[in-house]
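Novice: I have a structure I would like to understand better, so I am pasting it below and will then ask my questions one at a time.
The values are calculated or read from the model by the stated rules, or taken from the named source; none is laboratory data. Because the structure is a prediction, the values reported are computed rather than measured. With ideal geometry, Cβ positions are generated from the backbone for all residues, glycine too; neighbour counts draw on all protein chains shown. For accessibility, only protein heavy atoms count, side chains too; no ligands or nucleic acids. Shrake-Rupley method; radii C 1.70, N 1.55, O 1.52, S 1.80 Å.
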Amino acid sequence: MAAFLEELRTRVRVGVVGGSDLSKIKEQLGDDVIQKVDYVFAENGLEAYKNGQFLSVQSIQNQMGEELLQDLINFCLKYMAQIKLPKKRGTFIEFRNGMLNISPIGRSCTLEERKEFFELDQREKIREKFVSILKEEFKGKGLAFSIGGQISFDVFPDGWDKRFCLGIVEKDNYKTIHFFGDKTKPGGNDYEIYCDPRTIGHEVSCPEETLHICLQLFFPIPAN
C-alpha cells in the first residue's frame, strides 16, 4: 500500500484524516506518514500537517469552556461507573486537542479484550445507548457525538467532525475532493464528511477496496 500511495501522489494530492491523535495515526500508518502523504489531519483536522510541515492546531477547552467540559467528564465517569462489563481496564476518557474520546472498557485494554468488548457492543449496543443518553442530557449545548472504531466514541463541538479538515483543504482550490471511509452510516465517524456536498464519498471496507477504486479513478485503462 505504501508503494501505491507513492505512485498515487504522482497523479493526485493525497491526505489522511482520522479521529485519533497523531501518535495513533503513526502507529497505524508509520512514523513517516507526514512525509508519505500531502496532508495529515489528526483529530479530524484540528491538528493539521501539510507537505510534511505542521500547519495548525485547535483546542477543545477554549471552544467548550471549563464548566461544560467538567460537567461532561463528570457525567461520563458517573455513567461508566454503573456499567457492568466482563472486563474494565484504564483510560476511560482520553482528552485530545479537539475531542473527548470515551471508552467504557478503557483504552488500555488488550487486543483480545478489545475484540471481546466489540462483539458484546454489537449485541448490547453499549456505546449507542451511552451516546443516546448523552444527547438527551446535553441537548442544546453545541456538542456532537460520533461512534467509531471498536471500543470508544468521540464527543466534540458541533462542526468539529471530519468535515473540519475540508475547511483547510478548500483553501487550496481543488476542483474535486474524493473521500474514502468505512463508518459512513448515520452515527459513524465518517458519515458527515461522506455526505458533505464538497466531497465525492466512497464507502469502503478495507485498504484493498480503496486501492481498487483509486486504480479505476486515477489510473484508467485506455480504450483500444
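Novice: Go through segment 154-168 and give me each residue that's out of contact with any Phe, Trp or Tyr (no Cβ under 7 Å at 6 or more places or on another chain) and either among the polar types (S, T, N, Q) or under 13 Å from Tyr39 (Cβ atoms) (or both).
Specialist: Those that are out of contact with any Phe, Trp or Tyr (no Cβ under 7 Å at 6 or more places or on another chain) and either among the polar types (S, T, N, Q) or under 13 Å from Tyr39 (Cβ atoms) (or both): Lys162, Phe164, Leu166, Gly167, Ile168.
Novice: Output the residues belonging to segment 92-108 that are modelled with pLDDT of 90 or more and open to solvent by 20 Å² or more (accessible area, probe 1.4 Å). Full working, then the answer.
Specialist: First pass over segment 92-108, keeping only residues modelled with pLDDT of 90 or more: 92-95, 100-108.
Selection gives Phe92, Ile93, Glu94, Phe95, Arg107, Ser108.
Novice: Is at least one residue of segment 34-43 more than 14 Å from Phe164 (Cβ to Cβ), free of Cβ contacts under 8 Å to residues at least 24 places away in the same chain and not charged (D, E, K, R)? Full working, then the answer.
Specialist: Initial filter on segment 34-43 (more than 14 Å from Phe164 (Cβ to Cβ)): 34-38.
Narrowing the set further to residues that are free of Cβ contacts under 8 Å to residues at least 24 places away in the same chain leaves 34-35.
With the extra rule that they be not charged (D, E, K, R), the set shrinks to 34-35.
Yes, because at least one residue in segment 34-43 is more than 14 Å from Phe164 (Cβ to Cβ), free of Cβ contacts under 8 Å to residues at least 24 places away in the same chain and not charged (D, E, K, R).
Novice: Okay, next question. Which of the residues that make up segment 188-208 are of a type in the set (Asp, Glu) and either in contact with a strand residue (DSSP E or B) (Cβ under 7 Å, 6 or more places away or on another chain) or not in a helix (DSSP H, G or I) (or both)?
Specialist: Kept after step one, since they are of a type in the set (Asp, Glu), are these residues of segment 188-208: 190, 192, 196, 203, 208.
Those that are of a type in the set (Asp, Glu) and either in contact with a strand residue (DSSP E or B) (Cβ under 7 Å, 6 or more places away or on another chain) or not in a helix (DSSP H, G or I) (or both): Asp190, Asp196, Glu203.
Here is a yes/no grid of residues against (1) out of contact with any Lys or Arg (no Cβ under 8 Å at 6 or more places or on another chain); (2) surrounded by 11 or more Cβ atoms within 10 Å (Cβ to Cβ); (3) modelled with pLDDT of 95 or more; (4) more than 20 Å from Lys171 (Cα to Cα):
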{"position": "Glu6", "(1), (2), (3), (4)": "no, yes, no, yes"}
{"position": "Val12", "(1), (2), (3), (4)": "yes, yes, yes, no"}
{"position": "Val16", "(1), (2), (3), (4)": "yes, yes, yes, no"}
{"position": "Asn44", "(1), (2), (3), (4)": "no, yes, no, no"}
{"position": "Asn51", "(1), (2), (3), (4)": "yes, yes, yes, no"}
{"position": "Leu55", "(1), (2), (3), (4)": "yes, yes, yes, no"}
{"position": "Glu67", "(1), (2), (3), (4)": "yes, no, yes, yes"}
{"position": "Asp71", "(1), (2), (3), (4)": "yes, yes, yes, yes"}
{"position": "Cys76", "(1), (2), (3), (4)": "yes, yes, yes, yes"}
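Novice: So which residues in segment 81-91 are touching a Lys or Arg at 6+ places or on another chain (Cβ under 9 Å) and surrounded by fewer than 16 Cβ atoms within 10 Å (Cβ to Cβ), if there are any at all?
Specialist: First, pick out the residues of segment 81-91 that are touching a Lys or Arg at 6+ places or on another chain (Cβ under 9 Å): 89-91.
Result: Gly90, Thr91.
Novice: Name the single residue, out of those in segment 134-179 being among the aromatic types (Phe, Trp, Tyr) and more than 30 Å from Lys115 (Cβ to Cβ), that is surrounded by the fewest Cβ atoms within 10 Å (Cβ to Cβ).
Specialist: Checked segment 134-179; the qualifying residue surrounded by the fewest Cβ atoms within 10 Å (Cβ to Cβ) is Tyr174.
Novice: Return the total of residues in segment 204-217 being surrounded by fewer than 16 Cβ atoms within 10 Å (Cβ to Cβ) and either small (Gly, Ala, Ser) or closer than 30 Å to Lys125 by Cβ (or both).
Specialist: Of the residues in that region, 5 qualify.
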